[in-house]
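Asks: Can you read through this structure? Questions will come right after.
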Amino acid sequence: LVIQGSLFTPVSPTEFTFLRQALVCIDSTGTIARIVRATDTDYSDVQQTAQRLDHLWQLPHNQYILPGFIDLHVHAPQWPQAGLALDRPLDQWLNTYTFPLEAKFADTTYATKVYHHLVHELLRNGTTTAMYFGTLHLDANLALARQCAQQGQRGFIGQLAMDNPDQTPATYRQTSSQEALQTTERFIVQLQCLAKTTGAALTPVITPRFVPSCTVETLRGLGGLAHRNDLPIQSHCSESNWEEQYAELTYHQRDAAVLDQFQLLTPRSVMAHGTQLNADDLTLFADRQTTVAHCPISNCYFGNAVFPVQQALNHQVNVGLGSDLSGGFTPSLYRNLQQAVMSSQQLQDGVDAQVAPAQRGRGTGRISATTAFYLATKGGAKGLNLQTGQLRAGFAADLQIVTDRLGTLMPNDAHSVFERLMYQTTPAEIATVFVRGRQVIG
Ligand code: GUN
Ligand code: FE
């Protein structure tokens, strides 16, 4: 397949590349074999050959090709309650609403119904790769994996571990560390088997919910398991005042240091939120090459602070984007990248007019739509060690084709089009989505 159209692809947090009327050549393995620029000498040859073989797809002039988005933090079972009870503090929201909902995934039929809906919803929003928290239920987690396989989404899936009787309800916890570790081990084997038999892009993830919900034995055991099997890890780190205080009170350490002590901060770790990370914690993240999943919408509700994206990038910490469904209410990474820009502006300028202007805000930290786009694409891919998130030869053909509705009313220079796409795209504007060269939407 050869797609002829204009494209945007990330370069760095401050730069994207725009190519007008390029030819994106996708091979039979679902990889981008080559991107032919309009100035390349064989452009017409490639175009004509593709046309003759009936492999050419010419996009209308108001459509653009972008890399598929990578959502680094989704609680799959929470999709049915997206937008509910977000006025409660995190611990109340977890105990009163979230744990009882997640407990319902003991019913695999219910799980399949929810996950079928969710995977489709993410794909139609342009999310081609997602890193999921599942529940305690191995069968439900495999049902999520089957939905990813059937619908063609790249999935990183975590068998949840939580066994601390002090911080989890009796109705929703593993009864021992041994149970938590053995279920995780069984899940890894079964998911890898499913990946092999279906050919789907599925990866198991070591998933301690967060420090408060796990016992020391489970944190230590999961760190060892990840290390021995070279597996990705996901958890929450320094999400809220409450979480940070728990680590200080229980371990007399920073939350990040507790995770590190158990080998849970690695180059394959993705830690959600990080709103409370201080400069020392950021240095630790940089040393460990651990990625932060920035969840800007969720942080408005539960974070007690804005995650300082720019400061993290200055510390050489890798950052991607997460929806945190349902701490965040939307499956759209567009909505999240918009909020990332908005929150960064409030971090810089401050929010309280009762504070004197000179003392208000941080004075720096504002990010652009270009940075937010980088987080949703290249930053996320880096965190998962994947060749996706960029339109580039040798990378997976994970892409979205998006309509610019306002192009007839405003200038069409690359920067204007880019910002319009970042701010105006909803599922209605996402015409087509490809994962690994397979059309999954449109
Ligand atoms: N911390 C522990 N569990 C959760 C969760 O489900 N959502 C959020 N936002 N934070 C958590
Ligand atoms: Fe979360």
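Asks: Send over the semi-axes of the range 288-357's equivalent ellipsoid, whole angstrom and largest first, taken as the square roots of 5 times the C-alpha gyration tensor eigenvalues.
Replies: With the √(5λ) rule applied to the range 288-357, the semi-axes are 21, 17, 10 Å.
Asks: Determine the principal axes of the Cα atoms in the range 69-384, then give the extent along each, sorted from largest to smallest and rounded to whole angstroms.
Replies: 59, 43, 36
Asks: Report the label-to-label distance for Asp91 and Arg438 in nanometres (one decimal), using points 7 Å from each Cα along the Cα→Cβ vector.
Replies: 4.5
Asks: Nearest 20 debye, what's the magnitude of the dipole of the chain about its Cα centre given +1 on Lys and Arg Cβ and -1 on Asp and Glu Cβ?
Replies: Once rounded to the nearest 20, the dipole reads 920 debye.
Asks: Starting from the amide H of Thr432, placed 1.01 Å from N in the peptide plane, find each other amide H under 5 Å away whose residue is 5 or more places distant or on another chain.
Replies: Excluding prolines and chain starts, which carry no amide H, the hits are Ile401.
Asks: Check Cys295: other-chain or 5+ apart residues with amide H under 5 Å from its amide H, H built from backbone geometry?
Replies: Residues meeting the criterion, in which the H sits 1.01 Å from N, are His273, Gly322.
Asks: Follow-up question, since we're still on this one. Helix 216-229 sits at what angle to the longest principal axis of the chain, using alpha carbons and giving 0 to 90 degrees rounded to 10?
Replies: Once rounded, one gets 40 degrees.
Asks: Can you tell me the Rg and Dmax of the range 147-193, counting just the alpha carbons, in angstroms?
Replies: Using the Cα atoms of the range 147-193, the pair Rg, Dmax is 13.5, 40 Å.
Asks: Okay, moving on. Measure nothing fancy, just the Cα-based angle from helix 138-151's long axis to the longest principal axis of the chain, in degrees from 0 to 90, nearest 10.
Replies: For 138-151 against the chain, the angle is about 10 degrees.
Asks: Would you calculate the separation in nanometres between label points at Gln424 and Asp27, each defined as 7 Å from the Cα along the Cα-to-beta-carbon direction?
Replies: The two pseudo-label positions are separated by 3.8 nm.
Asks: Here's something else I'd like to know. Got a sec to turn the phi values of the range 169-182 into Karplus ³J(HN,Hα) couplings, 6.51 cos²θ - 1.76 cosθ + 1.60 with θ = phi - 60°, whole Hz, x for Gly and Pro?
Replies: In residue order, the calculated couplings are x, 4, 7, 8, 6, 7, 7, 7, 5, 4, 5, 4, 6, 5 Hz.
Asks: Given the Cα-Cα distance of Asn241 and Asp107 and 0.36 nm per residue of separation, how much length would full extension add, in nm?
Replies: So the extension gain works out to 44.8 nm.
Asks: Under a cut-off of 14 Å between alpha-carbon atoms, report the aspartates and glutamates in cross-link reach of Lys378, not counting same-chain residues fewer than 8 places apart.
Replies: Glu15, Asp71, Asp398
Asks: How far, in nm, would the chain grow between Val11 and Ala279 when pulled straight, counting 0.36 nm per residue and subtracting the alpha carbon separation?
Replies: 93.9 nm
Asks: If you don't mind, there's one more thing I want to ask. For the range 69-384, calculate the relative contact order in percent as a whole number, restricting contacts to Cα pairs under 8 Å that are 6 or more residues apart.
Replies: For the range 69-384, the relative contact order is 18 percent.
Asks: Still on this structure, please answer the following. With a point put 7 Å past each Cα toward its Cβ, work out how far Cys300 is from Leu1 in nm, to one decimal.
Replies: Placing both labels 7 Å beyond Cα along the Cβ direction yields 3.4 nm.
Asks: Could you work out how much longer the chain between Ser176 and Gln51 gets when fully extended? Use 0.36 nm per residue separation minus the Cα distance between them, nm to one decimal.
Replies: Computed gain between Ser176 and Gln51 is 38.8 nm.
Asks: Amide H of Ser6 versus every other amide H placed in the peptide plane: which residues, excluding those fewer than 5 positions away on the same chain, fall under 5 Å?
Replies: Gln21, Ala22, Ile65
Asks: Could you give each residue of the range 67-78 its phi-based ³J(HN,Hα) in whole Hz, using Karplus coefficients 6.51, -1.76, 1.60 with θ = phi - 60°, and x for Gly or Pro?
Replies: Whole-Hz 3J(HN,Hα) from phi for the range 67-78: x, x, 8, 10, 9, 7, 7, 10, 8, 3, x, 8.
Asks: From the phi of every residue in the range 341-349, what ³J(HN,Hα) in whole Hz does the Karplus formula 6.51 cos²θ - 1.76 cosθ + 1.60 yield, where θ is phi - 60° and glycine or proline is x?
Replies: So the J values, rounded to whole Hz, are 5, 4, 5, 5, 5, 6, 4, 5, 8.
Asks: What lysines sit close enough to Lys196 to cross-link, taking a C-alpha to C-alpha distance under 21 Å and skipping anything fewer than 8 places away on the same chain?
Replies: Cα-Cα hits under 21 Å: none found.
Asks: Suppose R0 equals 41 Å. What FRET efficiency, 1/(1 + (r/R0)^6) with r the Cβ-Cβ distance, do Asp413 and Gln311 give to the nearest 0.05?
Replies: FRET efficiency, Asp413 to Gln311: 0.85.
Asks: Quick one: of the DSSP bridges fully inside the chain, what percent are antiparallel, nearest 5?
Replies: Around 40 percent antiparallel, to the nearest 5.
Read-outs: derived from the displayed coordinates by stated rules, not from any lab. These figures come from a predicted structure and were not determined experimentally. Glycine also receives a Cβ, built like all others from the backbone with ideal geometry; neighbour counts cover every protein chain displayed.
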